[in-house]
Structures are given as C-alpha cells and as structure tokens.
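Below is one structure, written out as structure tokens; the observations come after it.
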Amino acid sequence: MQLGNGTNVMNETKIAFVGAGNMASALIQGVLSREVCDPSSVIAAEPSEPRRARLQQAHGITVTDDNSTAVRQSDVVVLAVKPQVFQGVLEEISGALRPGALVISIAAGVPISKIERAVPTGTPVVRTMPNTPALVGEGATAIAAGTHADPAHIDRVCNLFEAVGTTIVVSESLLDAVTGLSGSGPAFVFVMIEALADAGVQEGLDRASAQKLAAQTVLGAAKLVLESGEHPGALKDRVASPAGTTIAGLRALEQSNVRAALQNAVHQAAQRSRELAKK
Ligand SMILES: NC(=O)c1ccc[n+]([C@@H]2O[C@H](COP(=O)([O-])OP(=O)(O)OC[C@H]3O[C@@H](n4cnc5c(N)ncnc54)[C@H](OP(=O)(O)O)[C@@H]3O)[C@@H](O)[C@H]2O)c1
C-alpha cells in the first residue's frame, strides 16, 4: 500500500528490534510517526526493564526481554545491539529466524559475511550504517546488500530508514568510507559548531546566541546545498562579494588548511574503521 507522501505501509510485516537503545528507539519512533508500520507490528527485545516500559508506554508496541521470542514472530529482524555483544546475540537468535526473514544489522564494523555464516543458508541480510542525527529524524544511512538480499529487500530497508532521514545504497566495501564521512561526521560538525560559537563569543555575542547562530548557519547551509542541488563551491562564490567580509574570512580559512583538516579527519576515521573490521 502506498500513502500520499510516498511511504509504504508495512503493517502486514512484523518487525523485531533486537536491542532497543538509542538507534533502535529512534527508528521505532520514526517508522511509527511516519506510519511506515503500525505499533501492533513492532516488537522490541531489550534487557533493560525501564527502557522496555518507556517504549511500550510511548508507542504501544510489544516488548519482551527474550530475543528469540521477538525474532520467532517477525518477518524483519533489526539487530541493534553493540558490536561487542553482536556475535552472541546472532547465535542466540539464529535458530528462531523464520524462513526467509530479512535480517538488518546496524552494528558498526560487523561484516555481512560474519552474519551470513551465523544465520540459516539463504537468509537475506542487509547491513546498514546510520548516524546519530537519526535521533532527530535527520540521519544519513548507507545500506549494503548481502548475498541473498534482492532489490525488494533493499527497498524495504530504504523505506524503514527513510523514516529517520535520507538513505543511499552502496556496496559493502564502501561502508568504511561511509563510516568516516557520515558516521563520524556529526562529531566533526559539532566541533565546527563549537568553534564558530566560540568565535562569536570572542566577537562579543553571548554564548547562547552564538551557539544558536552557529548551529542554524550549519543547518541552513546544508539545507541550501541539498535543496538547490547546486555545487557548494557555487553557493560559496555567491556569498563572497568583491573585497567583502566573506572573502576575507575565506582567505583565513584557506590559510588554516581547513579543507585538508576535514579530508584528513574523514580519512583517519575511515582507516580506523578498516582496522577495526580486521580485528
Ligand atoms: N549511535 C550511533 O551513532 C551509531 C551509528 C551507527 C551504528 N550504530 C550501531 O548501532 C548499534 C546500537 O547502538 P546504540 O547507540 O543504539 O547503542 P545502545 O543505546 O547501547 O543500544 C543497544 C541496546 O542493546 C541492549 N542490549 C545489550 N545486550 C543485549 C542483548 N544480549 N540482547 C538484546 N539487547 C541487548 C542494550 O541494553 P543495556 O543498555 O541494558 O545493555 C541497549 O539498550 C551498535 O551496534 C552501533 O555500532 C550506532
């Protein structure tokens, strides 16, 4: 079924979230508020009693402390536990998977091959790399298909993650690059916002006003890039009038090697992701 806003309703599909911490809660909130699925179709398996109670009260979904119970009744299983406990959870739920159930992992650094080895042969697996702005519905999620995931599975996963932001489909080999850019990127942008706010305070603004202006400037500039579809360089040129204030600031940025600093940050984060994947 297709809604007016283009979202597919998956009410017939039962979805289990195994681990219902920050990311899973954001996803649950997103899919329910966007009516991608109905509360009666969602079950969350989570060891923390207060968290289970909060989810049940806030969303009217089913909760359990037993992972296999959730998995046994679901067509889609979202594995949203930390990488440290991931393997144990995988082994625990593998026998409870329904034939053909779609397994979606959001765990950083866990390769698809590792998941495929643990689940019944032929199970469709999709690995994703979301980021923390998903908590406010502005995430960026990269999606990579496993051996048995077909385009319909990928569509289904895109549909879920579009409830908390934007999605792109990539091959798994690019997920380290994604981790360096959009996975770690929010931290780089937080540093930029903090530095811009500091600079505003230095120039005489009060802290709250400086932070509000800094954050909104980053948000607004990002929105302009996305909505205009223009090259960021063209948008930058338009703000910089001859002998004006902006070009003076841009010169200082170039002297500080800000482009190289950002490129190095993404490169180092991607490299670290590759190193961790080998462990
Ligand atoms: N946060 C991010 O920016 C981000 C970005 C991309 C990917 N990810 C990935 O998303 C996954 C979840 O991250 P998160 O930030 O949402 O972590 P989180 O808030 O710690 O959520 C994980 C949840 O899993 C629960 N849990 C622990 N052991 C379990 C078990 N054996 N069975 C079922 N549930 C269990 C935890 O409960 P307790 O707290 O009681 O242990 C917690 O509620 C991680 O694999 C991470 O790599 C996160």
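Of the residues Pro133, Pro99, only one is within 24 Å of Cys37 (Cα to Cα), touching a Pro at 6+ places or on another chain (Cβ under 9 Å) and assigned to a loop (DSSP other than H, G, I, E, B); which?
Pro99
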Restricting attention to the stretch 141-156, does a residue exist that is touching a Gly at 6+ places or on another chain (Cβ under 8 Å), buried (at least 16 other Cβ atoms within 10 Å of the Cβ) and in the same structural domain as Val78 (by TED's automatic domain parsing)?
yes
Output the residues belonging to the stretch 53-96 that are more than 21 Å from Ala144 (Cβ to Cβ) and part of a loop (DSSP other than H, G, I, E, B).
Gly60, Ile61, Asp65, Asp66, Gln73, Ser74, Gly95, Ala96
Ile106 fails exactly one of (1) open to solvent by 10 Å² or more (accessible area, probe 1.4 Å); (2) more than 12 Å from the ligand (Cβ to nearest atom); (3) over 25 Å from Leu219 (Cα atoms); (4) touching a strand residue (DSSP E or B) at 6+ places or on another chain (Cβ under 7 Å), namely (2)
Checking Leu32 against (1) under 19 Å from Leu135 (Cα atoms); (2) crowded, with 19+ Cβ neighbours inside 10 Å; (3) within 10 Å of the ligand (Cβ to nearest atom), only one condition comes out false. Which one?
(3)
Among (1) touching a residue at least 12 places away in the same chain (Cβ under 8 Å); (2) more than 16 Å from Ala269 (Cα to Cα); (3) aliphatic (A, V, I, L, M); (4) in a helix (DSSP H, G or I), Ala177 falls short only on (2)
Please work out which residue is farthest from the ligand (Cβ to nearest atom), limiting yourself to the stretch 35-61 and to residues that are of a type in the set (Ser, Thr, Tyr) and under 21 Å from Asn159 (Cβ atoms).
Ser40
Of the numbered conditions (1) under 20 Å from Lys14 (Cβ atoms); (2) surrounded by fewer than 16 Cβ atoms within 10 Å (Cβ to Cβ); (3) within 16 Å of the ligand (Cβ to nearest atom), Leu160 fails exactly one; give the number of that condition.
(2)
All but one of (1) out of contact with any Lys or Arg (no Cβ under 9 Å at 6 or more places or on another chain); (2) of a type in the set (Gly, Ala, Ser); (3) farther than 30 Å from Ala145 by Cβ hold for Gly200, so report the exception by its number.
(1)
For Ser171, work out the one condition from (1) open to solvent by less than 30 Å² (accessible area, probe 1.4 Å); (2) under 30 Å from Pro151 (Cβ atoms); (3) more than 16 Å from the ligand (Cβ to nearest atom) it doesn't fulfil.
(1)
Conditions (1) buried (at least 16 other Cβ atoms within 10 Å of the Cβ); (2) touching a helix residue (DSSP H, G or I) at 6+ places or on another chain (Cβ under 9 Å); number of the one not met by Gln87:
(1)
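The values are calculated or read from the model by the stated rules, or taken from the named source; none is laboratory data. Keep in mind that this is a model prediction, so the values were computed, not measured. Note that we place each Cβ from the backbone using ideal geometry, even for glycine, and neighbour counts take in every protein chain shown. Surface accessibility is based on the protein's heavy atoms, side chains included, excluding ligands, DNA and RNA. Shrake-Rupley method; radii C 1.70, N 1.55, O 1.52, S 1.80 Å.
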